[in-house]
Amino acid sequence: MSLVPAFFHHLSEVLYQVLECVGVNPWVVERRRHTFLHREAAEDVDDHQDGRDTTTFHFGSQSEGTTTPGLQSDTDQLHTRNYINIMYSWADWQRGRMNLLMVREEDTPPQHYLLQCIDLDIPQPVTHIHLPDYVTDSQGRVFFSNMATVRGWAALLGDEHMRRGPSNSSSKDWDFISALYCKCLPSEIMSWFTRMQHGYWPSLQTLQAAQRCGCFLVPDGHHGSVNQEIEWRITPNLIERLLMFSLNMIQIKCLVVLKMLKKQEFVKFIHCENCKFTTFHCKTALFYTLNRTPPTLWIKHRLIECIVRCLQTILEFLNKGECPHFIVEEVDLFDGKLCRECQLSLEQAIQGMIQDDMHVLFHLQSDDLGQRLMALPHDVRPFPGDDVNAGICGKLARDMFEQYLMKVRTTCSRLCNSAEADVITSLNNEINILESLALNARTTQYDKNYIKFIAKYLMSVKASVTSSSCIQSGDSLPQDIWQLYGESLNTDVASSKLKLASMHYCQGELQRAASVLNEVEFDLDDSVQPVCGCRREPHGDNLSKAFCEYTVQNDSHDQLTKKLAFCVRFLREEKFCAPRFLWCEMFRAVGDDVDHREYTERQWMDWAEVDAGPFLLYLQYLTYRGLGVRHRQIEAFDRLNDIVTSVDKLNQLYHEETVLNLFGHCCELEGDVQMASLVYNLSLIIMPRNNAANWHKQRLEWMLNNN
């Protein structure tokens, strides 16, 4: 840049502060990264428990910390199958493994390889097809098809399956990629280390660390190739993540602004249906700009200048009609993404933005950036009361534990496939596996945090299953049961304690039940966040503002569980620890209802699940009714009534139909059968199928007809 406008320095500092306010600051960036590393650990531990030899990685803006709420970035989740050995040369062959040799032909597009199938017992090519994923070429060579993963995801996701390049998805928020890991870096990646020796960035330390990274092969053939279904594209995601984690805040803020410009402004000048300028193009431009410019540029009051430098790099790409991959040699990132006509249109638009002294920034709508830029000089805290950073932290914490509970749900579903007598044995095996994993020298702190969580949760299930069996048979509870309950009571602030209170109620120990319920009631304040692993999303925003504010300063697992209330879950094996009315939730299907369950619903709809807050009130109603404490009984009834008659409160529940059913039962016990019938009808309006209200409605009709 030959001449920098005088106001750029001041505007840079204003923009810097605005981006701090919308989540682009060291503290939130670090929180995002740690959250997704925890989620990776949960996936890996869960795979180990299930006997799957796979590893999971999270890539993309969310896991890098280079996004804002307004950008609505998705997340790429990459799964590798570790039992497959990728050979870059014959020296990499391993006996007993599924071996695939990376092969390139003269006409193989850059960044792509074919994977030739090699024998398990001797290092020679496979000569005949014995797996459905194998295909042969005209020379009789056997290759591994890239379509196997597509078929697998299509079968798993059903009608909701969408494919975009190598990724598979059922929603706009997540992309799933099945990849193969190659521990050796191919020559087109290794040459990058030589090219980088003469630039300003990345640092020598980063380059040394990058040499220890492998790469992935993703199932994505070149768009113009005749071998599209057997080509695999190499991608250095781990090196790219290393580069992203090495960025300072100025560089991260610069990338975020480029993404905002891409999303709102660049798209206006790309008119062809199949053309797009991507986030990866923005990232590539930043990488090249960093490599070419001295570190002295990347400071706070020169932020606008840094953005312009990146835009000039993009202009260079557009002018040449080629966007070279930063790491992989001979790859044009415009190929198949952006036609020449759209390149020229975008080039002209970006030139106009620069010539207009970047006034385009004042028009950016993402996260109200333009409005905030204009407001900030007059108000150091724009939009008072709007705490975006707290909201981000609260959502990250809730979503992480939601994923943990999904993993627990999967584990419980697998255990319930055992014979009832074997459930305790299966639980013991799971807990023993977790304990051995925790002692493994290769287990990270991220792994240990998740292992501690899931082990405590499974102890709660074990305590409840054991108690249920004893209550059913009329036996007294063994002494070690209290140790199990004690070790599991702090999984969260409510669910485990409510299961203990429910067990006391079912045993007829009403005073003990009331004592535990009082303790839960004291802890269950406005700062407690409901969380469930059923994959349902409440109709309303149930993210507690007080919880979000708490997560700003408290982000450890132990601190967060003090402000989380998981939905209460009873497996069928725990039913004698649950009020009898709740048993109907375990048998909610009527007729062909089971056929109308989604994939995740099949894992939990044969159990009883209910939101912690309403279940507390229901248990209080039953307990105080049994104790004859009428005023406390009516208090619980009124508070439950307040929830079900408030649309806002009802919409914040994960299991609103179940809560309505419990309130309907309270109405029955109050002698108001007509009100109970109305409540069951409302429950059925919300969820006509797979709803225990169908049974309750039939029972009430029979009662009314026989009175």
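The values are calculated or read from the model by the stated rules, or taken from the named source; none is laboratory data. Please read all numbers here as calculations on a predicted model, not as lab measurements. Positions of Cβ are backbone-derived with ideal geometry, glycine not excepted, and every protein chain shown enters the neighbour counts. Note: accessible area is taken over every heavy atom of the protein model, side chains too, but ligands, DNA and RNA are not part of it. Shrake-Rupley method; radii C 1.70, N 1.55, O 1.52, S 1.80 Å.
Observations on the structure shown:
- Residues of type lysines that Lys563 reaches as a straight line, Cα spacing below 21 Å, ignoring anything fewer than 8 places off in the same chain: Lys395, Lys407, Lys448, Lys452, Lys456, Lys497, Lys499, Lys545, Lys649
- Förster radius 22 Å - calculated FRET efficiency between Asn641 and His539 (Cβ-Cβ, nearest 0.05): 0.65
- Here the Kirkwood formula puts the hydrodynamic radius of the chain at 28.6 Å, using every distinct Cα pair.
- Loop-exposed chymotrypsin sites (Phe, Trp or Tyr not before Pro) per DSSP, neighbour cap 13 Cβ within 10 angstrom, longest uninterrupted part of the chain: 84-598
- Label-reachable residues, the stretch 302-346, where backbone N falls under 19 Å from a point 7 Å from His359's Cα toward its Cβ: 304-305, 308
- Computed from label points 7 Å out along Cα-Cβ, the spacing between Gln553 and Leu344 is 6.1 nm.
- Area accessible to solvent at Asp335, 1.4 Å probe radius, in Å²: 80 Å²
- Point-charge dipole on Cβ atoms (K/R +1, D/E -1) for the chain, about Cα centre, debye to 20: 860 debye
- FRET efficiency for the pair Phe7 and Arg81, taken as 1/(1 + (r/R0)^6) with r the Cβ-Cβ distance and R0 = 51 Å, rounds to 0.40.
- Carbon/sulfur fraction of accessible area - the chain, other protein chains in place, 1.4 Å, %: 50 percent
- The length gained by stretching the chain between Asn428 and Gln124 to full extension, at 0.36 nm per residue less their Cα-Cα distance, is 105.0 nm.
- The alpha carbon gyration tensor of the stretch 205-304 gives principal lengths a ≥ b ≥ c with a/c of 1.5 or higher and a/b no greater than b/c, which makes the shape oblate.
- Residue-span extension gain [Phe193 to Ala546] - 0.36 nm each, minus C-alpha spacing: 122.2 nm
- Seen from Met87, the other residues with C-beta closer than 12 Å to its C-beta sum to a net charge of 0, counting Lys and Arg as +1 and Asp and Glu as -1.
- A DSSP coil position with no more than 12 other Cβ atoms inside 10 Å describes none of the GluC sites (Glu not before Pro) in the stretch 1-78.
- Additional length obtainable on full extension of the chain from Lys300 to Phe245, 0.36 nm per residue less Cα span: 17.9 nm
- DSSP bridge orientation in the chain - percent antiparallel, rounded to nearest 5: 70 percent
- When shorter helices are ignored and each DSSP H run of at least 4 residues is given -39500 (n - 2.57), the per-residue value for the chain at 222 nm works out to -16000 deg cm²/dmol.
- Inter-label distance, nm, simple model (7 Å from Cα along the C-beta direction), Asn274/Glu598: 3.2 nm
- Using Cβ point charges alone (K and R +1, D and E -1), the dipole size of the stretch 260-317 about the Cα centre works out to roughly 180 debye.
- Cα-based Lys proximity count in the stretch 260-381, under 13 Å, for pairs eight or more positions apart or on separate chains: 5
- From the C-alpha gyration tensor of the stretch 589-707, square roots of 5λ in Å: 24, 18, 13
- In the stretch 484-621, taking the dipole from charged Cβ atoms about the Cα centre, the farthest positive-side position among Tyr550, Trp583, Ala612 is held by Trp583.
- Inter-part distance where the stretch 178-197 and the stretch 554-631 are each reduced to a Cα centre, Å: 51 Å
- Note on the stretch 239-355: with charges restricted to the Cβ of Lys and Arg (+1) and Asp and Glu (-1), its dipole about the Cα centre is near 600 debye.
- Cα shape, the stretch 298-409, gyration tensor, a/c 1.5 rule: oblate
- Gyration tensor (alpha-carbon) shape descriptor, the stretch 417-574, a/c threshold 1.5: oblate
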